[in-house]
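Asker: Before I ask anything, let me first share the structure, which is written out below as structure tokens.
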Ligand SMILES: O=C(O)CCC(=O)C(=O)O
């Protein structure tokens, strides 16, 4: 395996602490399969002591190995495909004109404004309020779902086409994403009270977990998430992407859209996201997960 050359290595900072850019350089080379002796040579050429270099590499290698075992996706060299969403401006989504607020590429994240009207948001809340129960997450050790402290909200679902409003929302999302309605999971409604939150997580399924394997049988991997905000939250409740240092403030009728699966079948660990604790007021969202293949639950 070819090592990144000395020319591409970070500027030298001889010291007893390893500068962050050198930590990244070592980690990148380890992921690419470079051997220690080559990395030590480049570090020594850049002014580091040989013993210090070997020690630093062994520490980064041990940490990288732990990440490889615990979250293998973090070490995937993911390249996003072209984003499916129109890239800017006002666009027609079936029966409604929406506005693309911002678009990030690779990872592919966007804000859709005006996806639902105020009345539609109020109607979704009204239809859901009577049938909420404690939210669950995909079980790790068994097929199905389980209650978890990862997520402290109440929720409910609407089957595809369950009523006229759900049908309209699904048609808009299918038009925007260019993915048939049949690839969508049931629309999930979540309600967070003050203190309610959803800890950082990925929406794609882990094939090395029993629950993930079972979910993958229902239409393949999830490829897109659209989280639509049904109300304004007075304080807290942002959707955050820690890897991207991005925070989206809930605004009624707007939606955050993100893709995390490419044509090579890889998933994008940078789409780690969280629902931050609601501080004041409450938070209602409607989440649509879209699969690679038609979904059958
Ligand atoms: O509450 C949020 O803002 C995020 C919701 C979420 O992560 C999800 O539904 O997968």
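Asker: For helix 164-177, report the angle its Cα long axis makes with the longest principal axis of the Cα atoms of the chain; keep it between 0 and 90° and round to the nearest 10°.
Answerer: 30 degrees
Asker: To continue, here is another question. Which length gain, in nm to one decimal place, applies between residue 37 and residue 149 when the Cα-Cα distance is subtracted from 0.36 nm times their residue separation?
Answerer: Working it through step by step, the gained length comes to 35.8 nm.
Asker: Taking the mean number of other Cβ atoms within 10 Å as a proxy for protection, how do you rank 128-139, 220-231 from highest to lowest?
Answerer: Ranked from most to least packed, the peptides come out as 220-231, 128-139.
Asker: Got a sec? How would 58, 215 order by Cβ neighbour count within 10 Å, fewest to most?
Answerer: Exposure proxy ranking, most exposed first: 58, 215.
Asker: Let me ask something else about it. Normalised by the number of residues in the stretch 165-262, what is the relative contact order in percent for Cα pairs under 8 Å and 6+ residues apart?
Answerer: 22 percent
Asker: With an 8 Å Cα cut-off and a minimum separation of 6 or more residues, compute the relative contact order for the chain in percent.
Answerer: RCO, the chain: 19 percent.
Asker: If one takes the longest principal axis of the Cα atoms in the chain, at what angle in degrees, from 0 to 90 and to the nearest 10, does the Cα axis of helix 36-45 lie?
Answerer: 70 degrees
Asker: Sort out for me the Cα centre separation of the stretch 233-261 from the stretch 82-106, rounded to whole Å.
Answerer: 16 Å
Asker: In percent, what relative contact order does the stretch 16-70 have, based on Cα pairs under 8 Å that are 6 or more apart in sequence?
Answerer: 39 percent
Asker: Post the alpha-carbon centroid distance, the stretch 27-64 to the stretch 262-289, in whole angstrom.
Answerer: Using only Cα atoms, the two centres lie 36 Å from each other.
Asker: Another question, if that's okay. Kindly express, to the nearest 10 degrees and within the range 0 to 90, the angle between helix 20-31's C-alpha long axis and the longest C-alpha principal axis of the chain.
Answerer: The two axes meet at around 90 degrees.
Asker: Residues of the stretch 149-166 with the amide nitrogen closer than 13 Å to a label point 7 Å from the Cα of residue 282, along Cα-to-Cβ, please.
Answerer: Residues passing the 13 Å test: 153-156.
Asker: Give me 235, 162, 206 ranked fewest to most by other Cβ atoms within 10 Å of their Cβ, as a rough exposure proxy.
Answerer: Going from sparsest to densest Cβ surroundings: 235, 162, 206.
Every number here is computed from the coordinates shown, using simple stated rules; none is lab data. What you are looking at is a predicted structure, and each value in this text was computed from that prediction instead of being measured. FYI the Cβ positions are ideal-geometry reconstructions off the backbone, even for glycines, and counts take in every protein chain you see.
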